[in-house]
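Enquirer: Pasting a structure below so you can have a look.
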Amino acid sequence: MVIDFVESYEDLLYVCIGLAALWYLRVYLSASHKLRIGTYIVERETAIREKMWSLSIVIVLVGLIGLVYFGARRELPTVDTILLGSDQSDDNIIMITKVPTVTPDVVLLLPGQPTQTGVSADNLVKQKNTQVPMGGVGCDNTNAVIYSPLPGAVLSGDVEVQGTADITDFAFYTLEISTVGDNWLTVYTQDTPVTSGVLGNWNASVYQQGEYAFRLVVYNAAGAYSKPCLIPIFIGSGP
């Protein structure tokens, strides 16, 4: 191994490298003298090249002395790898890995599924739905209101939503559906205001039969919104 060789012949390597460094230091000093006394351009250019070349060699030799010193004391464990390339064995390489952490289970609730509220002593999940008043909530704002469907309507197939979404500093609005009062899912988005017209369309047939909540949320440019217009709806079995 390279480190074993360096450790065995450390003193001899010092002598060889030191003599070489002294030789090139002498060349450097001689080139500096020639540069001072030179009168011709060719002589001066030659002296400059000798000076720079010898100085570079001296710097490299000083670096080799440092490598010999640390290598002989085995303070550079990667010297063999650097000099021998990929021939080194990987037996002594220690890989450090993170201890795996426990990731809590994530429960994804979609429209049409009741909201989970806790686990009983026998590990059964209790579920409940948040009821929406039959007449709806928050639909008294004439600038953000749903006209159709009416609260409590039974829907199926393609549903056309009509109303108004045109507040001050309007940005965009969303139509959202949920199990009654929770787990909202956007079914339509638009960034153009609507006044007494069609707000959008969505397909009720992709949802299971049952009771849902449906709402209109209108946002301004600052990302704020007033109380959404929220109505209860029922999805039936078909057209």
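Enquirer: Going by C-beta contacts inside 10 Å, put 235, 41 in order with the fewest on the left.
Expert: Placing the least packed residue first, the sequence is 41, 235.
Enquirer: List, in order, the whole-Hz ³J(HN,Hα) value for each residue of segment 26-31 obtained from phi through the Karplus relation with A = 6.51, B = -1.76, C = 1.60 and θ = phi - 60°; use x for Gly and Pro.
Expert: Each residue's phi maps through the Karplus curve to give 5, 4, 4, 5, 5, 5 Hz.
Enquirer: Sticking with this structure for a sec: Which of the chymotrypsin sites (Phe, Trp or Tyr not before Pro) across segment 1-58 are loop residues per DSSP, with 16 or fewer other Cβ within 10 Å?
Expert: The qualifying sites are 9, 40.
Enquirer: Say each of residue 42 and residue 208 gets a label point 7 Å from the Cα, pointing the same way as Cα to Cβ; how far apart are those two points in nm?
Expert: Rounded to a tenth, the inter-label distance reads 9.9 nm.
Enquirer: To make sure I understand, if each residue's beta carbon is the centre and we count other beta carbons within 10 Å, what order do 12, 216, 35 fall in, fewest to most?
Expert: 12, 35, 216
Enquirer: To continue, here is another question. Segment 54-73 to segment 1-49: how many Å between their Cα centroids?
Expert: Taking the Cα centre of each part, segment 54-73 and segment 1-49 sit 12 Å apart.
Read the figures in this text as sums done on the coordinates, not as results from a lab. The structure presented is a predicted model; accordingly, all values stated were derived computationally and were not measured. Cβ sites come from the backbone with ideal geometry, for glycine too, and all protein chains shown count toward neighbours.
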